[in-house]
Protein chains: 2
Amino acid sequence: MPRLKLTLAYVGTAYSGWQIQEKPSPPLTVQGELERALAIVCGRAVRVFGAGRTDAGAHAEGQVAHCDVPALRAVNWRAALNVKLPPDIRVLDAREVADRFHACFDARKKIYRYDLWFSRRVVPPRLHPFVWDCGSLNLPQLEAALPLLTGMHDFKSFQNRGTAVRDTVRTVLSLTAAYPAEFGGEVLSLHVEADGFLKQMARNMTGLLVAVGQGKFDPARIPALLAAHERAQGPPTAPAHGLTLVSVDYGGNDACPV
Amino acid sequence: MPRLKLTLAYVGTAYSGWQIQEKPSPPLTVQGELERALAIVCGRAVRVFGAGRTDAGAHAEGQVAHCDVPALRAVNWRAALNVKLPPDIRVLDAREVADRFHACFDARKKIYRYDLWFSRRVVPPRLHPFVWDCGSLNLPQLEAALPLLTGMHDFKSFQNRGTAVRDTVRTVLSLTAAYPAEFGGEVLSLHVEADGFLKQMARNMTGLLVAVGQGKFDPARIPALLAAHERAQGPPTAPAHGLTLVSVDYGGNDACPV
């Protein structure tokens with residue numbers, strides 16, 4: 001039974017996150033829509049495993065998932081699935097991989113982007129679903145705090161409740177700020193690359209950095225916040241809709257089976 | 001009673017166009033949402049007059065409207081209305097104008113943009129509500145046809161049914177193609193500037209140009225199409241969701257009253 005690696009982009013606005021929720025009237029989820037499309041194409045139920053669970057309202061430009069499908073002849077999986085998926089979920093790439101490949105367990109690192117609207121101008125309606133309108137920010141102060149969150153740390157103070165993870169040490173490989181020209185210098189894009197993310201860690205890092213940029217949290221307190229291992233000592237979590245999963249890296253473990 | 005000139009941006013996806021529809025269960029419209037917000041802020045019904053009616057699903061970055069409001073003290077109209085409007089409709093600017101100003105009758109010219117996705121790659125979900133995925137195009141052939149639609153013509157062959165307009169002569173002041181860098185050269189933006197537009201004229205011009213780019217309509221036939229004064233001889237109308245009203249120009253007739 002061939003194993004497929006799917007690379008996905010979606011606008012998360014209409015969805016209650018990635019993961020299927022087993023409820024009497026289940027809400028729309030990205031995984032649910034994908035399994036619905038796969039069931040139509042394959043003629044039977046297909047379970048999908050994602051690289052990670054994105055939150056309700058969060059987006060993806062390069063989410064990865066795997067699934068085992070029947071050995072159908074000459075199916076263009078990308079095209080076949082896109083016909084059955086809603087237009088806010090797209091399969092960018094579909095390829096056969098070795099059957100030991102696992103979208104979650106084999107992930108070596110992930111990149112998230114968080115987009116902040118820090119201008120006093122009105123947020124353009126097209127951008128509204130994708131940026132956090134957080135008001136004006138002290139950008140040099142915010143940028144100066146980035147190195148304090150980079151490197152290997154116990155990020156327990158940046159983990160929200162809801163998952164039982166034993167090891168809360170993660171390595172933030174890079175944390176950088178950019179001001180994309182296409183948004184006229186009114187959007188600050190935070191890029192976070194790490195070997196793994198705790199629950200809502202990217203949003204909690206953003207919440208902290210925005211509090212620093214607003215002068216509400218002294219960056220000198222960041223080492224103490226990390227050492228406290230306690231979420232309650234940090235500023236509020238940034239809203240989900242500013243967050244985009246950019247890519248998942250497998251370090252070559254996602255090679256073709258042949 | 002002060003007259004306000006409002007400049008508006010909206011994502012039209014959720015709306016049945018600009019204009020209020022008097023029906024038993026009226027659909028969502030941009031004008032309807034704006035009048036609802038004005039009624040809350042003003043404490044009474046306020047009628048809004050737009051520069052033009054945008055179609056269901058079409059967007060705006062610079063629609064203009066006027067309305068007469070009670071002389072309230074020190075209202076920040078932009079901020080007050082934006083609080084009451086949904087986030088896909090934004091007031092970009094609100095200013096008092098002379099009470100002879102009329103958003104529709106005083107308009108000297110309008111600019112529309114139509115965005116075409118001509119790449120073979122999958123349309124990114126973020127762009128899907130804003131571009132027509134029209135497949136590959138012969139771009140030099142399409143661009144060569146632009147001058148044939150520029151200038152003063154009777155555009156009756158580009159007018160859809162539904163309005164009784166006596167004079168169907170309009171002047172297309174400019175019609176140009178651009179390839180915005182932010183979309184990686186996969187989007188062709190048609191910019192049309194004219195002293196006025198007939199019903200669905202911008203969409204019919206786009207439909208023709210795409211047919212030319214697809215090799216389905218010989219550009220040598222464009223003069224005959226204009227001369228025919230008959231819509232049925234032209235290719236299909238381009239879908240509304242690729243269209244954006246960029247701006248409305250009043251040639252200085254929208255100056256402040258003082």
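The values are calculated or read from the model by the stated rules, or taken from the named source; none is laboratory data. Everything quoted here is computed from the prediction, not taken from an experiment. All Cβ positions, even for glycine, are placed from backbone atoms using ideal geometry, and neighbour counts span all protein chains on display. The accessibility values were calculated without ligands, DNA or RNA, using every heavy atom of the protein model including side chains. Shrake-Rupley method; radii C 1.70, N 1.55, O 1.52, S 1.80 Å.
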* To the nearest 10 Å², what's B:W77's accessible area with a 1.4 Å probe? -> 30
* C-alpha long axis of helix A:30-42 to longest principal axis of chain A, angle in ° -> 10
* Choose one of A:T176, A:L243, A:P26: the residue whose Cα lies farthest towards the positive end of the charge dipole of chain A (beta-carbon charges +1 Lys, Arg; -1 Asp, Glu; about the Cα centre). => A:P26
* To do: Could you order B:R121, A:R231, B:R78 so the one with the most accessible surface comes first? Probe is 1.4 Å.
  => B:R121, B:R78, A:R231
* Quick one: how many Å² of A:R108 are accessible to a 1.4 Å probe, rounded to 10? -> 120
* To do: Would you mind calculating the relative contact order of the range A:179-238 from Cα pairs under 8 angstrom and at least 6 residues apart, reporting the percent as a whole number?
  => 35
* To do: Compare each residue of the range B:102-125 in its chain alone against the assembly with all protein chains, and report those whose accessible area goes down by 50 Å² or more; 1.4 Å probe, heavy atoms.
  => B:V122, B:P125
* Name all residues of the range A:92-129 having a backbone nitrogen under 17 Å from the label point set 7 Å from the Cα of A:D167 along its Cα→Cβ direction, giving them as ranges. => A:104-110
* **Estimated buried accessible area (total), pair B and A, 1.4 Å, Å² to nearest 100** => 1600
* Smallest Cβ-to-axis distance in chain A, for the rotation taking A to B: which residue, how many Å? -> A:E182, 2
* Do you know which residues of the range B:62-94 lose at least 30 square angstrom of accessible area in the protein assembly compared with their chain on its own, with a 1.4 angstrom probe? -> B:R78, B:P87, B:R90
* Inter-site label distance for B:R120 and B:A255 at 7 Å from Cα along Cβ, in nm -> 5.7
* To do: Determine the sum of side-chain charges near B:L8: Lys and Arg each +1, Asp and Glu each -1, restricted to other residues whose C-beta is under 15 angstrom from that of B:L8.
  => +4
* To do: Whenever you get a sec, compute what percent of the accessible area on chain B sits on carbon and sulfur atoms (1.4 Å probe).
  => 53
* Structure fact -> Restricting to Cα pairs under 8 Å and 6 or more apart, the percent relative contact order of chain B works out to 25
* Asked: Taking a probe of 1.4 Å, how large is the accessible area per residue of the range B:170-225, in Å²?
  -> 36
* To do: Could you work out how far helix A:201-213 tilts from the main Cα principal axis of chain A, as a 0 to 90 degree angle to the nearest 10?
  => 30
* For n ≥ 4 DSSP H runs only, could you compute -39500 (n - 2.57) per run for chain A, divide by its residues and tell me the 222 nm figure to the nearest 500? => -5500 deg cm²/dmol
* **Exam field: B:A74 pseudo-label spacings to other copies (7 Å along Cα-Cβ), nanometres** => 7.6
* To do: Treat every Asp and Glu Cβ in the range A:172-250 as -1 and every Lys and Arg Cβ as +1, leave all other atoms uncharged, and give the resulting dipole magnitude about the Cα centre to the nearest 20 debye.
  => 340
* Asked: Which value, in debye to the nearest 20, gives the size of the charge dipole of chain B about its Cα centre, when Lys and Arg are +1 and Asp and Glu are -1 at the Cβ?
  -> 460
* To do: Pull out the extension gain between B:D93 and B:A144, defined as 0.36 nm times the separation in residues minus the alpha carbon to alpha carbon distance; nm, one decimal.
  => 14.6 nm
* So what does B:H229 come to for accessible area, using a 1.4 Å probe and Å² rounded to 10? -> 80
* To do: Find which of A:A45, A:A94, A:H59 sits farthest along the positive direction of the dipole of the range A:30-107, computed with +1 on the beta-carbon of Lys and Arg, -1 on that of Asp and Glu, about the Cα centre.
  => A:A45
* Calculated label separations, A:R121, copies of the chain, 7 Å along the beta-carbon direction, nm -> 2.5
* Asked: If the label point is 7 Å along Cα→Cβ of A:F105, which residues in the range A:57-74 have backbone nitrogen under 17 Å from it?
  -> A:65-68
* Dipole magnitude of the range B:78-158 about its Cα centre (Cβ charges: Lys, Arg +1; Asp, Glu -1), debye to nearest 20 -> 180
* Inter-copy spacing of B:R166 label points, which lie 7 Å from Cα along Cα→Cβ, given in nm from shortest upward -> 8.6
* Summed residue charge, Cβ within 11 Å of A:V212's Cβ, Lys/Arg positive, Asp/Glu negative -> 0
